[in-house]
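Report on the structure given below.
The values are calculated or read from the model by the stated rules, or taken from the named source; none is laboratory data. All figures in this text were calculated on a predicted structure; none of them were measured in a lab. Note: ideal-geometry Cβ built from the backbone for every residue, glycine included; neighbour counts use all protein chains shown.
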Amino acid sequence: MEQVLAARFYAPKQPLKLERVPVPEVHDDDVLVDVKAATICHSDLHTIAGRQIPAMAPITLGHEASGIVAARGKNVTNVEVGDRVGVDYVLSCGRCQYCLRGKDNLCDNFTVMSANTEGSWKEKVVVPARHTHKLPANVGFPEGAMLNCAVMTAYHSVKYAQISPGVSVLVYGLGGVGLSLLKWTKIAGASDIIAVDLEDEKLSIARREGATATVNPRDGNPVEQIRKLTGGGVDIGFEVIGKVESERNVISSIRKGGQAVLVGMCWDPVPVNVVNDLQVPEVKIMSPQDHLKAEVPEVLRLIETGRFVFGDAVTHRFPLESANEAVNVLQNRIGNPGRVVLEP
């Protein structure tokens, strides 16, 4: 059986191990993808830090990937050998009550790459063909990898929040998802977009991408800054960091009748006073889950027609053999990283 190089997780707070693993059999409904780019997401860092424990170990991490179809099963009709494709990491069954209702992100039988099935930090992956999509000609492999999570998660969050033209929006955290959110909120018609981050360089990027105002918490209480800028708070606030303090700050920055959309992954309890924080101001808390398969072609069309532009989202590239160095760059914010890419 063919073997390929992979970056494997064995235990929290331990370096990844580079080792060769067998390539699974390509079944009738599967495709074999030669991975050309596999990006590093903050949820991968959560696993390495021990905040998110995968279903088994060792396991290959990574859930954002793109590449070239190297082989396909006899039932596959949506892609051809040689096609440039992105890989959707949420592997839904297509048969349960949620999939049949178009809510495949809530699939009763879903598996997630790098959580309870093998991930994409390796030279080749085998995935169900229904979870691959052809990349537009104007999308490179690194961007094609990050769109499967960072761009799609942001798109689903904006649709879930039902942004209407003219609303004011807060984006709290400017990583890959946060910057994508900022772009989607602008496309959706938000009139005022407040961006928050601790890094001035990212705030500068946010202003170039359409933020109408920026806030650095180092300059003072961010809630007070946001409320002053907006005359009482924003209509919709997106939290994209996953920390207790930032989730509290977003909830406290919502105007009466608005909504807080908690996108970041936070495992710690967030203190909320139901009466004062939610009932009296009638603030709604929402928490979107990944994205829907039906949203992928929508996003691909918007990218292909130039409505959504990646810009400089990808900042660092490493060979797969340097996976631990790449993780360290993102963990420790070395060189102001955006999306960090492994290239097998």
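So in the range 134-146, with the set limited to residues that are in contact with an Asp or Glu (Cβ under 7 Å, 6 or more places away or on another chain) and surrounded by 24 or more Cβ atoms within 10 Å (Cβ to Cβ), which one is nearest to Gly178 (Cα to Cα)? Result: Met146. Scanning the range 108-123 for residues that are modelled with pLDDT of 95 or more and of a type in the set (A, V, I, L, M, F, W, C) yields one hit, Trp121.
Of the strands (runs of 3 or more DSSP E) lying entirely inside the range 1-49, those carrying at least 2 residues that are without any contact (Cβ under 8 Å) to a residue 24 or more places away in the chain are 17-22.
Within the range 8-65, the set of residues being more than 18 Å from the chain's Cα centre (by Cα), at pLDDT below 95, hydrophobic (A, V, I, L, M, F, W, C) and surrounded by 14 or more Cβ atoms within 10 Å (Cβ to Cβ) comprises just one member, Val23.
Hey, could you check the range 235-271 for residues that are part of a strand (DSSP E or B) and basic (Lys, Arg) and say which is nearest to Val177 (Cα to Cα)? The extreme case among them is Arg255.
So, in the range 113-146, exactly how many residues are among the hydrophobic types (A, V, I, L, M, F, W, C) and touching a Gly at 6+ places or on another chain (Cβ under 9 Å)? Residues flagged as among the hydrophobic types (A, V, I, L, M, F, W, C) and touching a Gly at 6+ places or on another chain (Cβ under 9 Å) within the range 113-146 amount to 9. Within the range 303-336, being basic (Lys, Arg) and within 19 Å of Asp200 (Cβ to Cβ) holds for one residue alone: Arg333.
Scanning the range 313-344 for residues being farther than 30 Å from Asn78 by Cβ, part of a loop (DSSP other than H, G, I, E, B) and within 16 Å of the chain's Cα centre (by Cα) gives a total of 2. Looking only at residues in the range 298-314 that are closer than 30 Å to Ala49 by Cβ and surrounded by 16 or more Cβ atoms within 10 Å (Cβ to Cβ), the one that is modelled with the highest pLDDT is Val299.
Here's the yes/no breakdown for (1) in contact (Cβ under 8 Å) with a residue 40 or more places away in the chain; (2) outside the structural domain of Ile251 (by TED's automatic domain parsing); (3) within 16 Å of the chain's Cα centre (by Cα); (4) under 23 Å from Gln289 (Cα atoms):
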{"position": "Arg95", "(1), (2), (3), (4)": "no, yes, no, yes"}
{"position": "Thr111", "(1), (2), (3), (4)": "no, yes, no, yes"}
{"position": "Asn116", "(1), (2), (3), (4)": "yes, yes, no, yes"}
{"position": "Ala145", "(1), (2), (3), (4)": "yes, yes, yes, yes"}
{"position": "Ile163", "(1), (2), (3), (4)": "yes, no, no, yes"}
{"position": "Gly173", "(1), (2), (3), (4)": "yes, no, yes, yes"}
{"position": "Trp184", "(1), (2), (3), (4)": "yes, no, yes, yes"}
